[in-house]
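The values are calculated or read from the model by the stated rules, or taken from the named source; none is laboratory data. Computed from a predicted model, the values in this text were never measured in an experiment. No Cβ is skipped: glycine too gets one built from the backbone with ideal geometry, and neighbour counts run over all protein chains shown. We work out accessible area using only protein heavy atoms, side chains counted, and drop any ligands, DNA or RNA first. Shrake-Rupley method; radii C 1.70, N 1.55, O 1.52, S 1.80 Å.
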Amino acid sequence: MTNHFPKDFLWGAATSAYQVEGAWDEDGKGKSVQDVKVLPENTSDFKVAADHYHHMKEDIALFKELGLKAYRFSIAWTRVIPDGDGEINPKGLQFYSDLIDECLKHGIEPVVTVFHFDLPAALDEKGGWKNRETIDAFVRYCGILFEHFGDRVKYWLTINEQNMMVLAGAAVGTGDRSFKELFQENHHMLLAQAMVMKEYHDKNYNGMIGPAPNIALAYPETDHPEDMRAAQNFNALRNWLFLDAAVYGVYNHQVMTMLKAINAEPEITDEDLAIMKSGTCDFIAFNYYNTGTVKASPVASTASEKNDQQKGMNLPGFFQGVKNEHLSVTEFGWEIDPEGFRTTANEIYSRYHLPMIVTENGLGGRDELTEDGKIHDAYRISYLRDHIQTMNQAIGDGAEIIGYCPWSAIDLISTHEGIRKRYGFIYVNRSDFDMKDLKRYKKDSFAWYQKVIATNGADLD
Ligand code: BG6
């Protein structure tokens, strides 16, 4: 197969603060919604995580050995501003300043998410994203980050998976509210994002800013025209709502019709519409795990409960999620669809014509550490190989993909399934309730990805 990866392709890997750092209440850090949420039974909390906060230099040295050209991580809002809108915590800023310097020292480009599911608990108590004051707090917080790190960070991501927070909030631990409330919060996040993008551009920082939704195409179950329309509805709500807003500063028309029909239309002022238009993105970051499949949904059916982000939704009259019989699934039940990765990337590029960075993609599995200190994760290699192959084809098709940051650089705590569901190239020796020695071990996928990077994607064997 022809190798289409450009010479300066950003081979990377990703993490998020609350899932990897630990040190949940150290050095002045405030509590986030992730620190106070009620967890599913028998599932680890995020207090220690991979203890990256205390292993930062060792971890970045391992990333260097892996050959990473980019490292996507997130900044914990509560480390920088413990209550979200009050005093700045200098130790929090220092940690991220050191992390950025450590990456740069090793020739690794930092790709920074400012908000990844970890809203300060103090803001949540005041209504969270329902409260317009959270918009101001977010804009101030981002301004502080740009001011301190804007000279060193060239790739900024605003909000991780805003679409999953809205459509599967319960699954990612960010609450379970009515559609009406969720889409009002969504509107406030879109405003906050636009204001931050505007500020980033107004101050002429030397870099790019973009959103980081989870984008994956939905297929119609059959070639029945009504199934096709159902897929179009689902794609509009799950995908284009978030990218139309970030790229063009507008609301997707089909989404507005759906929201009216389910009585979830947000309150939007004329000034809000102008704000949305005033701040748009330079590039598109997107997370891709797998596609969805839908069929037409009779008006009289029942709306689905919001659950695991991979389980189908049902919006009566618009679409109903179904299983795709052509796809295999991971041991955690997530469908695997590398071909859908190519289709999704091409679709995004056709609609928006902006450079793209893949900021998540990967396989969660129950890895085992052998007695001789190995982790044989052939299933992960196979998943990543298939996706890198179709990404190469998408670039060959003409889609401008400039970087790839699989999930995850190192083992971390899954959003709701503890550390038994691992994603990393590096194994962290702990279980859900036994912290063991937290020692790092290189998995088989580490050596494999190292070779992929060294050959710029030419050798995937
Ligand atoms: C994405 C999130 O939804 O998927 C990550 O941005 C998350 O935070 C990843 O960890 C995998 O999901 P999970 O539920 O297996 O951790």
Result row for the chain, helices from DSSP H with C-alpha axial extent 18 Å or more and mean Kyte hydropathy at least 0.5, is 133-149
Let me spell out the model: positive unit charges on the Cβ of Lys and Arg, negative unit charges on the Cβ of Asp and Glu, origin at the Cα centre of the chain. What dipole size does that give, in debye rounded to 20? 400 debye
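Counting only heavy atoms of protein chains, what accessible area per residue, in Å², does the range 1-150 have with a probe of 1.4 Å? Before the final figure, lay out the partial values.
On the way: 5590 Å² over 150 residues.
For the range 1-150, the per-residue accessible area is 37 Å².
Based on DSSP loop calls and a cut-off of at most 12 other Cβ atoms within 10 Å, the longest stretch of the chain free of exposed GluC sites (Glu not before Pro) is what? Provide the component values of the computation, followed by the final result.
Values: sites that count: E41, E87, E267, E305, E325, E331, E368, E371.
Result, exposed sites excluded: 88-266.
So how strong a dipole does the range 310-461 carry about its Cα centre when Lys and Arg Cβ are +1 and Asp and Glu Cβ are -1, to the nearest 20 debye?
Details: 18 positive and 23 negative charges, 71 e Å.
About 340 debye.
Hey, what D do you get for the range 1-74 in µm²/s if you plug the Kirkwood alpha-carbon radius into Stokes-Einstein at 20 °C and 1.002 mPa s? Mind showing how you got there, number by number?
On the way: Rh = 14.6 Å.
So the translational diffusion coefficient is about 147 µm²/s.
Return one whole number: the accessible area per residue of the range 372-461 in Å², for a 1.4 Å probe.
Values: 2990 Å² over 90 residues.
Accessible area per residue, the range 372-461: 33 Å².
Mind ranking L104, L99 by accessible surface for me, highest first, 1.4 Å probe? Don't jump to the answer; show the numbers that get you there.
Details: L104 70, L99 5 Å².
Most to least solvent-accessible, the answer reads L104, L99.
Quick one: pull the percent of accessible area on the chain belonging to carbon and sulfur, 1.4 Å probe, ligands and nucleic acids left out.
49 percent
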Bin all alpha-carbon pair distances of the chain at 10 Å intervals from 0 and give each bin's fraction as a whole percent. 4, 22, 33, 28, 11, 1, 0
Return a single number: how many Lys pairs in the range 242-373, at a sequence separation of 8 or more or on separate chains, have alpha-carbon atoms below 28 angstrom apart. 10
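State which entries of K37/K130; K421/K443; K154/K203; K7/K64; K29/K64; K57/K443 exceed 25 angstrom in Cα-Cα distance in the structure shown.
Working: K37/K130 18 Å; K421/K443 15 Å; K154/K203 14 Å; K7/K64 18 Å; K29/K64 28 Å; K57/K443 19 Å.
Check vs 25 Å cut-off fails for K29/K64.
Report for the chain the percent antiparallel among DSSP-assigned beta bridges with both residues inside it, nearest 5.
Working: 11 of 41 bridges.
So the antiparallel bridges in the chain amount to around 25 percent.
Relative contact order for the chain: what percent, with Cα pairs under 8 Å and sequence separation of 6 or more? Don't jump to the answer; show the numbers that get you there.
Working: 969 pairs, mean separation 80.6, N = 461.
Result for the chain is 17 percent.
Could you work out the relative contact order of the range 108-165, using alpha carbon pairs under 8 angstrom and six or more residues apart, expressed as a whole percent? Don't skip to the answer; put the middle values down first.
Values: 36 pairs, mean separation 39.7, N = 58.
Relative contact order comes out at 68 percent.
Could you compute the net charge surrounding E265? Neighbours are other residues with a C-beta less than 14 Å from the C-beta of E265; K and R count +1, D and E count -1.
On the way: positive: K180, K260; negative: E181, E185, E267, D272.
Neighbour charge sum, excluding E265 itself: -2.
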